[in-house]
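Some notes on the structure that comes next.
The values are calculated or read from the model by the stated rules, or taken from the named source; none is laboratory data. From a predicted model like this one, the values you see are computed outputs, not experimental measurements. Reconstructed Cβ throughout: ideal geometry from the backbone, glycine too, with neighbour counts over all protein chains shown. The protein model used for the area step is the full one, side chains on, heavy atoms only, and it has no ligands, DNA or RNA in it. Shrake-Rupley method; radii C 1.70, N 1.55, O 1.52, S 1.80 Å.
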Amino acid sequence: MDQVFFSHALVYLAAAVLVVPFAKRLGMGSVLGYLIAGIIIGPYLLGFVGAEGEDIMHVAEFGVVMMLFLVGLELEPSRLWRLRSSILGLGGLQVLGTSLLLAIPGVLLGLSWNVALAIGMILSMSSTAIVLQTLGEKGLMHSSAGQNSFSVLLFQDLAIIPILAVLPLLSFHGGGQEMEVPGETGLIDHLPGWAQTLAVFGAVVAVIFIGTTLVRPLLRYVAGTRLRELFTAAALLLVVGITALMYSVGLSPALGTFLGGVVLANSEYRHELESDIEPFKGLLLGLFFIAVGASVNFGLILENPFLVLSLVASIMVLKTIVLYALARLFRMGTDQGLVFAVSLSQVGEFAFVLLSFARQQRILDENLTAMLMAIVALTMALTPLMILLNEKLIIPRVGTEELAEQIEPDRIDEKNPVIIAGFGRYGNIVGRFLKANGIGTTVLEIDSDRVELLRKLGLKVYYGDATREELLKSAGAEAAQLIVIALDSPEKCLELVETVKKHYPHLHVLVRAQDRSDAYEFMDAGVLYVYRETFDSSLRMGVDALKILGRRSYQAHQAMNIFRRHDNKALKHLATLRGDRKQYINHAREKIMELEKFIEADLQDRALDHDAGWDVESLKEEFRAS
Amino acid sequence: MAKVLILFAHPRYENSLVQQHLSTVAQKVSGVTFHDLYEFYPDFDVQIKYEQDLLIGHDIIILQHPFYWYSCPPLLKQWIDLVLEHGWAYGRAGKALAGKIMMNAVSTGGSQAAYQPDGFNRFTIGQFLAPFDQTARLCNMAYYPPFVVHGTHRAATRDIENAGESYRLLLEGIVAGKFSDEAIRNVTYLNELIN
Ligand SMILES: Cc1cc2nc3c(=O)[nH]c(=O)nc-3n(C[C@H](O)[C@H](O)[C@H](O)COP(=O)(O)O)c2cc1C
């Protein structure tokens with residue numbers, strides 16, 4: 001390992017560590033932060049990285065590769081099926097519509113139809129990395145905009161396969177290659193178009209086959225050693241292996257790992273793989289964005305600034321229009337439609353992959369490719385800004401009003417004792433219950449469609465991200481007594497818990513946990529009132545089951561009370577042991593055994609501790625003896 | 001034909017010997033409505049309107065329960081507290097129960113001898129049941145002497161069966177209106193009407 005490596009690592013890491021937190025603080029999101037960091041260290045500003053930006057790009061593309069592996073892992077068939085109409089309808093129409101609409105001006109500008117079509121397809125892609133990261137950071141993944149964005153991105157990811165297969169057919173230069181493209185020397189470059197297409201499908205089939213037959217036994221074998229780092233190594237090996245295979249046949253490794261992920265989505269190792277790859281992905285993706293920032297060819301842009309900028313603008317506007325039209329067609333509200341359309345309006349990282357592939361296929365010439373690369377990078381760099389503008393300027397004008405704007409500081413009429421953050425299927429029940437008992441509640445909700453609906457029903461619901469301190473303030477957090485936290489995502493809930501602890505320590509915090517592990521997180525964060533959302537309902541079902549089986553209703557209820565108390569105690573105990581995983585498992589097993597004993601004892605000696613007052617047996621004995 | 005409502009309260013029915021048998025017997029007597037409170041309200045959430053309607057539909061209300069701490073189990077007390085509302089059961093406008101009859105049917109661990117002024121428990125069952133007596137009075141109802149099964153701690157199967165038989169005959173007699181007010185007023189325990 002040479003010195004150059006370290007000095008580069010130093011530059012990249014320092015740029016990330018210095019710039020990204022700053023960007024985040026300014027509300028720009030991490031993606032824009034990385035891009036800016038890249039531009040700063042790039043050849044046109046500080047010049048720390050120059051010609052080798054391209055090489056770095058190759059390393060960084062590996063982040064995209066990993067991300068696609070994770071996206072693949074997320075693709076359980078059931079989820080795909082649930083989202084089928086939005087994936088096929090929304091996603092399909094988006095790719096089709098955008099490709100054609102972008103190809104037509106190309107033809108009008110004098111490009112041949114095959115080149116125009118290739119460019120149209122390439123530019124129809126959006127950036128999974130930017131969109132998922134940005135929406136995730138804003139807690140919008142569960143809103144309708146988030147869900148639909150996910151569907152569209154998914155369709156695009158899937159569409160890569162046919163696009164990669166179709167591109168060679170668009171090349172009029174079949175046969176041997178006149179000029180070697182450095183860096184990308186696949187084994188199949190010398191084959192004719194149809195054979196390359198065949199090879200693409202062959203490699204896909206190979207990944208699926210290996211994924212289904214070989215990988216799972218291997219993972220089982222590795223997991224058997226119980227060495228966590230070895231499993232991480234195996235996970236990386238898997239991704240690197242697929243990447244190597246794909247490179248050797250000149251295919252997109254992103255595509256390969258995506259497939260690999262899909263194949264493993266149903267395996268028992270899914271969560272392990274996910275959590276092992278995640279940190280690598282995050283870091284490499286950051287690197288990727290820095291590299292994109294650094295590789296923006298400002299020289300080219302400065303030569304014809306008007307041309308480049310007008311192209312960037314028209315591409316983004318056109319994509320936004322198509323997306324917004326589709327959003328309305330699929331019945332999204334104004335706000336959500338705008339968030340959706342603007343979020344997806346950039347061209348994505350796949351375009352880089354596809355562009356270099358198209359260049360290899362000599363569909364595009366060198367100048368055009370460089371120009372398009374710069375344009376793509378610019379659209380990506382502009383996205384976080386566009387989202388910010390949309391959020392701060394456009395939506396406040398045309399969309400559902402946000403609480404912060406709605407109530408000026410002097411007329412906060414909300415002096416409600418309770419704030420409910422998240423009015424979904426859990427929060428709404430709590431809210432209705434409190435309302436029925438004459439308690440005033442202030443509701444904060446991030447899904448603007450839901451906000452509008454609830455407002456129509458006459459409820460006081462305010463739109464906004466509850467984790468923002470200003471919003472809490474205008475919702476009257478200072479005067480309130482307690483906050484009910486029932487946001488969709490556990491991460492957001494945790495974030496809100498922290499915010500409340502920091503700024504409003506006087507508030508009682510009641511938080512909904514989706515399962516045991518969430519509950520642990522909240523308990524670790526010092527929350528006293530944690531509710532597992534399915535716990536009570538399951539117990540009540542258990543009570544009814546006992547009753548149907550002939551148990552007395554009062555006894556069944558007592559059994560439930562005992563069980564609940566016991567389980568909560570066990571939960572608290574296990575929460576303190578969670579650090580050591582193996583120990584946790586032991587204890588979990590112990591608890592189950594303890595529970596078994598508990599239940600057995602219950603059956604043998606029906607006079608439970610609790611009911612010892614009713615134990616007449618001892619009394620009778622004394623009586624008989626006298 | 002009098003309509004009889006038995007309000008039954010036993011938190012540990014599974015372990016019960018005497019009361020379980022009495023209940024089985026009572027449920028077979030026609031003209032008797034058997035209402036198992038612990039089965040209905042395991043969480044003590046007594047439905048007032050439902051209970052009041054039930055009372056209105058009957059003439060004689062029997063509170064059947066084991067003797068716990070010289071009184072009734074807690075749910076029955078809860079029932080009394082909630083259902084016998086002011087303005088409905090008592091008070092100037094509270095005449096809903098006027099003319100009805102109330103009584104207790106209890107089992108005790110202690111023997112009859114223990115429930116004497118000079119016995120272990122110092123007071124008679126009748127004295128211990130004074131709150132029920134007065135409750136009935138306040139609600140414009142007549143109060144009958146109790147049906148009592150004593151000495152359950154030592155009861156043999158035969159004793160329990162005999163008690164059950166007496167209870168059956170008593171209930172049937174009450175439904176048929178067999179016992180005169182006169183006869184009833186002259187006994188300490190209704191058990192004496194049988195035999
Ligand atoms: C909590 C409790 C309190 C009791 N208090 C008394 C009491 O005060 N006087 C008495 O004679 N028996 C008392 N007993 C005995 C019960 O009255 C006796 O067990 C019951 O009537 C038997 O009926 P069973 O077999 O249906 O449960 C008590 C029993 C329990 C469990």
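If the condition is being polar (S, T, N, Q), without any contact (Cβ under 8 Å) to a residue 60 or more places away in the chain and in contact with a helix residue (DSSP H, G or I) (Cβ under 8 Å, 6 or more places away or on another chain), then segment B:178-194 contributes only B:N191. A:H271 meets each of the listed conditions (1) surrounded by fewer than 22 Cβ atoms within 10 Å (Cβ to Cβ); (2) modelled with pLDDT of 80 or more apart from (2).
Here B:T33 clears all of (1) polar (S, T, N, Q); (2) in a helix (DSSP H, G or I); (3) away from chain A (no Cβ under 14 Å) except the condition numbered (2). Taking the criterion of being aromatic (F, W, Y) and either within 14 Å of another protein chain (Cβ to nearest Cβ) or open to solvent by 50 Å² or more (accessible area, probe 1.4 Å) (or both), would at least one residue in segment B:107-127 satisfy it? Yes, that holds for at least one residue.
Taken residue by residue, segment A:562-571 has at least one member that is modelled with pLDDT of 65 or more, within 14 Å of another protein chain (Cβ to nearest Cβ), surrounded by 15 or more Cβ atoms within 10 Å (Cβ to Cβ) and closer than 28 Å to B:P42 by Cα.
If you go through segment A:18-42 and pick out every residue that is within 21 Å of A:L132 (Cα to Cα), at pLDDT 80 or above and open to solvent by 100 Å² or more (accessible area, probe 1.4 Å), you end up with 1. Buried (at least 19 other Cβ atoms within 10 Å of the Cβ), more than 21 Å from A:I39 (Cα to Cα) and in contact (Cβ under 8 Å) with a residue 40 or more places away in the chain: is that true of A:M373 in this structure? No.
What are the residues in segment A:72-82 that are open to solvent by 10 Å² or more (accessible area, probe 1.4 Å) and part of a helix (DSSP H, G or I), if any? Matches in segment A:72-82: A:E74, A:P77, A:S78, A:R79, A:L80, A:W81, A:R82. When A:A570, A:A513, A:A556 are checked against the criterion of being closer than 24 Å to A:L434 by Cβ and of a type in the set (G, A, S), a single residue qualifies: A:A513.
Condition test on B:L37, is it at pLDDT below 95, within 16 Å of the ligand (Cβ to nearest atom) and among the aliphatic types (A, V, I, L, M)?
When the stated conditions are applied, B:L37 does not pass them.
Only a single criterion out of (1) modelled with pLDDT of 90 or more; (2) surrounded by 16 or more Cβ atoms within 10 Å (Cβ to Cβ); (3) among the charged types (D, E, K, R) is not satisfied by A:D518, namely (1). Scanning segment A:494-520 for residues that are in a helix (DSSP H, G or I) and over 22 Å from A:S538 (Cα atoms) returns A:L494, A:E495, A:L496, A:V497, A:E498, A:T499, A:V500, A:K501, A:K502, A:H503. Evaluated against (1) within 16 Å of the ligand (Cβ to nearest atom); (2) open to solvent by 60 Å² or more (accessible area, probe 1.4 Å), B:S30 falls short on exactly one condition, (1). Looking only at segment A:260-267, decide whether some residue is within 30 Å of A:Y44 (Cβ to Cβ) and either outside any loop (DSSP other than H, G, I, E, B) or not β-branched (V, I, T) (or both). No, segment A:260-267 contains no residue that is within 30 Å of A:Y44 (Cβ to Cβ) and either outside any loop (DSSP other than H, G, I, E, B) or not β-branched (V, I, T) (or both). Suppose the filter is closer than 30 Å to B:Q127 by Cβ and more than 11 Å from chain A (Cβ to nearest Cβ); does B:D53 pass it? No.
Being more than 16 Å from the ligand (Cβ to nearest atom) and open to solvent by less than 30 Å² (accessible area, probe 1.4 Å) is the filter; apply it to segment B:59-75 and report the residue that is nearest to the other protein chains (Cβ to nearest Cβ).
B:I61
Kindly evaluate B:A26 against the criterion of being assigned to a helix (DSSP H, G or I) and of a type in the set (A, V, I, L, M, F, W, C). So B:A26 fits the description; yes. Working only within segment A:325-345, note down all residues that are under 15 Å from A:G97 (Cα atoms) and open to solvent by less than 10 Å² (accessible area, probe 1.4 Å). Within segment A:325-345, A:A327, A:A341, A:L344, A:S345 qualify. Residues in segment A:114-149 that are modelled with pLDDT under 80, part of a helix (DSSP H, G or I) and open to solvent by 10 Å² or more (accessible area, probe 1.4 Å): A:Q133, A:G136, A:E137.
Scanning segment B:1-18 for residues that are within 14 Å of chain A (Cβ to nearest Cβ) and part of a strand (DSSP E or B) turns up just one, B:F8.
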